[in-house]
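This report refers to the structure that appears directly beneath it.
The values are calculated or read from the model by the stated rules, or taken from the named source; none is laboratory data. Quantities reported herein were computed from a predicted structural model and do not represent experimental measurements. We place every Cβ from the backbone using ideal geometry, glycine too, and count neighbours over all the protein chains shown.
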Amino acid sequence: VGPANFQIANCSAALTTTPSAGVTEGTQVPPGTGVTDLAVVQGINNAGAPPTPTGNVTFFLCGPTTPNSTALCTTGGTQVGGAKALTNSSPPPGEASATSDAVNTAASPLAPGRYCFRAVWPGDTNYPGSTHVGTGQSECFIVRVVATTTVTTPSNGLGLPLSSPVELGAILFDKAVVTGSDAVGSPP
């Protein structure tokens, strides 16, 4: 170290995550409506402009839990797609972001319930890694129950509708048809 004064600055990074725009526990989504998670890593350097964070972010999804649950995705969960590379998203200087693959897609709808994201970034040569699980509604969303319709028709033993009037002593059956939605399909 030379004879002049010098300053050592600590670099750190903050990882924050946010589900798709407008998606929170307060705005429930129907099954089949895609939801993604956006991770933003902001580098912090007290000695000047921070370097842009690099590397990959891995996303996880926990759930379903009951809609009134307060559980967060602090560990475990199912990995959402492959790890996603951070890309420069500044301004501000030193910001990078990555977006997860979509969950709850039309091809793979989630069962009704509460789900929470978690993002993990291992860090890079400039910054230590971090994990973000959010708090409360900041990382969680609810897939709502989809309404069905039920129509019943009195029928005979062959399942054919009965004509009126029905003879006294006739054996009656009640045929019920339950219809789901295009997004979720027919109920089991």
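So, restricting to strands (runs of 3 or more DSSP E) that lie completely within the range 25-140, which ones have at least 3 residues that are in contact (Cβ under 8 Å) with a residue 24 or more places away in the chain and buried (at least 19 other Cβ atoms within 10 Å of the Cβ)?
Counting at least 3 such residues, we get 37-45, 56-65, 95-99, 113-123.
Working only within the range 154-184, note down all residues that are at pLDDT below 75, among the polar types (S, T, N, Q) and surrounded by 10 or more Cβ atoms within 10 Å (Cβ to Cβ).
Residues satisfying the conditions are Asn156, Thr179, Ser181.
Give the range 141-151 a look and list any residue that's surrounded by fewer than 17 Cβ atoms within 10 Å (Cβ to Cβ) and not in a loop (DSSP other than H, G, I, E, B), or say none.
Hits for the range 141-151 are Thr149, Thr150, Val151.
Check off (1) at pLDDT 95 or above; (2) closer than 12 Å to Ala119 by Cβ for Leu15 and give me the number that stays unchecked.
Of the numbered conditions (1) at pLDDT 95 or above; (2) closer than 12 Å to Ala119 by Cβ, the odd one out for Leu15 is (1).
Of Thr24, Thr54, Thr58, Thr65, which residue is of a type in the set (Val, Ile, Thr) and modelled with pLDDT under 90?
Among Thr24, Thr54, Thr58, Thr65, only Thr24 is of a type in the set (Val, Ile, Thr) and modelled with pLDDT under 90.
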